[in-house]
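So the structure is just underneath, and the comments pick up after that.
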Amino acid sequence: MATDILEVLRTKRDGVELSDEQIRFFIDGYTDGSIADEQASALLMAIVFQSMSSRELATWTEAMIDTGDRADLSFLGRPTVDKHSTGGVGDKVSLVLVPLVAACGAAVPQLAGRGLGHTGGTLDKMESISGLTTMLPPDRYRQVLADVGGVIAGASGDIAPADRKLYALRDVTATVESIPLIASSIMSKKIAEGTKGLVLDVKLGSGSFLGDDAMTRTLAETMVGIGNDNGVRTVALLTDMDQPMGRAAGNALEVTESLDLLRGSGPADVREVTLALAREMLAIAGIDVDPEPVLDDGRAMEVFERMVVEQGGDLAVPLAEAAHTHVVDAPRAGFLRRLDCKAVGVAVWRLGAGRARKEDDVSYGAGAMVEARVGDRVEAGQPLLVLHADDPARFDGAIAALDGAVDVGDEPADPRPLIADRIA
Ligand code: URA
C-alpha cells in the first residue's frame, strides 16, 4: 500500500497506530531529505502526545538502525559489552569502567556523546587530556579496540544517521521528552555499534535526564526490552543522581578524579557504582572475574593509559586548571539535607564546562568540587562547593543557579540508595 507524509501525520495525530510501512517511509524519507523538517516536527510532536505501541517502537528503532551500518565486531575474539548512562553531574564512570572491564577480558566498544545542557559528556572529559582525540576514523577505532580491548570515541556518520537528524530536530522543537523517542534514539545507536551486551546506568533524582523517577523507570524498562528484542543482552541499574557523583564536576576535574579511582582510591560512591556496573557487564559477557582487585592493583589503569596513548593523548602534560576559584559556604551549622543536583549541573555549565549549542567550545578547567555530601554534618561557613572558572565574570551566573539548591537542617536526611533497582 502506497503511503504519503500527510497520511502518516494524520494517522498519528488522530491516535491511530502507524503501519510498519508508514514508519519506514518516514524514517527513510526524513534521513534522505525528501521529508521536510516541518513535517518531521509535526510527527514528532504527535508522538510526544500519542506515544507509540511496542510494535511501532520496535519498527521505528529497527528503521533507524537500518539507515546506517550495524557493526560486526566478531573479529575481536573477545565478548563485547558496553555501558550507556542517561547522564548526570559528575558522572565520570565510563573513564574508569571501560578500561576496567577491558582489563578483565571483555571488549568495550564505547561510542559516547558530548555534553549538552546541565549534563556533562564523556567525549569532552576524554578530550581534556592533552592531544587526545575521540574522533577516530572507523578503521582506527577498530584497531584500538582490537589492540587495547577498550575505546571511547564519537560515533561516525554511519551509526544510525536517522538519529543524528532527528535528535537535532527534537532538540529545537521541544520533542526530546518522549519515552519511545528517547529509548529508540539511545538504543538504535547502541545496537548499531555492534555490542552483544549492554548495561544501562539509568539515573534517578533531581539531576537525572527526565527529573521524574516513575518516567525514568519506564524508560529503563523500555530500553531493556528493545535491547533484548534485538539480540543485545541488556540489563539496567537504576542509580542515584539526586546529588552529584563523587566530588568533581567538570571535564579536567573529573579526569583527575577518574585517575584517583584508577589508582584504587577516589570517592566511594563512584567506586561502588562503577564496580556494580562492571559486575553486570562481566556477567553478561560470561567472564568470571572479580573487577575489584583489577581496579586496585593497577591493571585497569594500565589499560586506560594504553587507550589514551592510542588515541593520541599524553597524561604527562598537566590537565587544564581554571585561573579563578570561588567558595560557596554552608549557610548555617547542621546536616546537609539536599544539594540539588540539577542546580549544580547548571552552575558548572555556566562556569564554562558545558555548551549551549553543539558548536560551542568548552572550558576544560571549569567546574566545581563538591566538598560535602548529603547527610554530612557541616559548620556555618564551611566550604560546600569550590567553583572553578577561567573568567571570574562567570561566578555570578553560577551562584544564581545555586540559589535555593542547598538545604542545611537540624535533622540528618535519610540517604537515598546509591543503587535503587535492577531491571533485566
Ligand atoms: N540521549 C540520546 O542519545 N537520545 C535522546 O533522545 C536523549 C538522550
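The values are calculated or read from the model by the stated rules, or taken from the named source; none is laboratory data. Not measured: the values here are computed from a predicted model. Cβ coordinates were reconstructed from backbone atoms using ideal geometry, including for glycine residues, and neighbour counts include every protein chain displayed. SASA here: full protein model, heavy atoms, side chains in, ligands and nucleic acids out. Shrake-Rupley method; radii C 1.70, N 1.55, O 1.52, S 1.80 Å.
Given the options LEU136, LEU111, name the one that is assigned by TED's automatic domain parsing to the domain that holds ILE226, under 30 Å from ALA366 (Cβ atoms), more than 16 Å from the ligand (Cβ to nearest atom) and hydrophobic (A, V, I, L, M, F, W, C). Show your work before the answer.
On the way: LEU111 fails: more than 16 Å from the ligand (Cβ to nearest atom).
That would be LEU136, the only listed residue that is assigned by TED's automatic domain parsing to the domain that holds ILE226, under 30 Å from ALA366 (Cβ atoms), more than 16 Å from the ligand (Cβ to nearest atom) and hydrophobic (A, V, I, L, M, F, W, C).
Just to be sure, is ALA330 without any contact (Cβ under 8 Å) to a residue 24 or more places away in the chain and small (Gly, Ala, Ser)?
Values: without any contact (Cβ under 8 Å) to a residue 24 or more places away in the chain: no; small (Gly, Ala, Ser): yes.
Judged against the criteria, ALA330 is not a match.
If only one of ASP147, ASP158 is out of contact with any His (no Cβ under 8 Å at 6 or more places or on another chain) and assigned to a helix (DSSP H, G or I), which one is it?
Details: ASP158 fails: assigned to a helix (DSSP H, G or I).
Answer to the check: ASP147.
Given the condition buried (at least 24 other Cβ atoms within 10 Å of the Cβ) and part of a helix (DSSP H, G or I), answer yes or no: does some residue in region 104-120 qualify?
Within region 104-120, not a single residue is buried (at least 24 other Cβ atoms within 10 Å of the Cβ) and part of a helix (DSSP H, G or I).
Would you please name the residue that is surrounded by the fewest Cβ atoms within 10 Å (Cβ to Cβ), looking only at residues in region 163-191 that are away from the ligand (no atom under 12 Å from the Cβ) and part of a helix (DSSP H, G or I)? Steps first, answer last, please.
As a first pass, look at region 163-191 and keep what is away from the ligand (no atom under 12 Å from the Cβ): 165, 172-174, 191.
Subsequent filtering for residues that are part of a helix (DSSP H, G or I) retains 165, 191.
Values: LYS165: 18, ILE191: 25.
If we take residues in region 163-191 being away from the ligand (no atom under 12 Å from the Cβ) and part of a helix (DSSP H, G or I), then LYS165 is surrounded by the fewest Cβ atoms within 10 Å (Cβ to Cβ).
Among the numbered conditions (1) in contact with a helix residue (DSSP H, G or I) (Cβ under 8 Å, 6 or more places away or on another chain); (2) of a type outside the set (Val, Ile, Thr); (3) part of a loop (DSSP other than H, G, I, E, B), tell me where ALA153 comes up short.
Only one criterion is unmet by ALA153, namely (3).
For region 11-21, does any single residue satisfy the condition of being farther than 21 Å from LYS190 by Cβ, open to solvent by less than 30 Å² (accessible area, probe 1.4 Å) and either in the same structural domain as ASN230 (by TED's automatic domain parsing) or part of a helix (DSSP H, G or I) (or both)?
Just the residues of region 11-21 that are farther than 21 Å from LYS190 by Cβ, to begin with: 11-21.
From what's left, open to solvent by less than 30 Å² (accessible area, probe 1.4 Å): 11-12, 18.
Add one more test, that the residue is either in the same structural domain as ASN230 (by TED's automatic domain parsing) or part of a helix (DSSP H, G or I) (or both), and what stays is 11-12.
Yes, the conditions are met somewhere in region 11-21.
Here's the yes/no breakdown for (1) closer than 30 Å to LEU97 by Cα; (2) touching a strand residue (DSSP E or B) at 6+ places or on another chain (Cβ under 9 Å); (3) assigned to a loop (DSSP other than H, G, I, E, B):
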position: VAL327; (1), (2), (3): no, yes, no
position: LEU351; (1), (2), (3): yes, yes, no
position: ASP360; (1), (2), (3): yes, no, yes
position: LEU384; (1), (2), (3): yes, yes, no
position: PHE395; (1), (2), (3): no, yes, no
position: ASP403; (1), (2), (3): no, no, yes
position: PRO412; (1), (2), (3): no, yes, yes
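Quick test of your reading of the structure: ASP361 fulfils all but one of (1) under 27 Å from the mean Cα position of the chain (by Cα); (2) without any contact (Cβ under 8 Å) to a residue 60 or more places away in the chain; (3) open to solvent by less than 40 Å² (accessible area, probe 1.4 Å). Name the failing condition by number.
(3)
Does ASP124 satisfy being within 16 Å of the ligand (Cβ to nearest atom), part of a helix (DSSP H, G or I) and in contact (Cβ under 8 Å) with a residue 60 or more places away in the chain?
Details: within 16 Å of the ligand (Cβ to nearest atom): yes; part of a helix (DSSP H, G or I): yes; in contact (Cβ under 8 Å) with a residue 60 or more places away in the chain: yes.
Spelling it out, ASP124 is indeed within 16 Å of the ligand (Cβ to nearest atom), part of a helix (DSSP H, G or I) and in contact (Cβ under 8 Å) with a residue 60 or more places away in the chain.
Could you list, in sequence order, the residues of region 22-38 that are open to solvent by 50 Å² or more (accessible area, probe 1.4 Å) and assigned to a helix (DSSP H, G or I)?
Of everything in region 22-38, those that are open to solvent by 50 Å² or more (accessible area, probe 1.4 Å) and assigned to a helix (DSSP H, G or I) turn out to be ARG24, PHE25, ASP28, ASP37, GLU38.
Conditions first: (1) under 21 Å from the mean Cα position of the chain (by Cα); (2) in a helix (DSSP H, G or I); (3) among the aliphatic types (A, V, I, L, M). VAL303 passes all but one, so which condition is the exception?
The number of the failed condition is (1).
Could you please give the count of residues in region 63-87 that are within 16 Å of the ligand (Cβ to nearest atom), open to solvent by less than 30 Å² (accessible area, probe 1.4 Å), in a loop (DSSP other than H, G, I, E, B) and at negative phi?
So the answer is 2.
Against the conditions (1) open to solvent by less than 30 Å² (accessible area, probe 1.4 Å); (2) within 23 Å of ARG55 (Cα to Cα); (3) aliphatic (A, V, I, L, M); (4) modelled with pLDDT of 95 or more, where does MET215 fall short? Just the number, please.
Just one mismatch for MET215, condition (1).
Could you figure out which of (1) at positive phi; (2) more than 13 Å from the ligand (Cβ to nearest atom) isn't true of VAL148?
(1)
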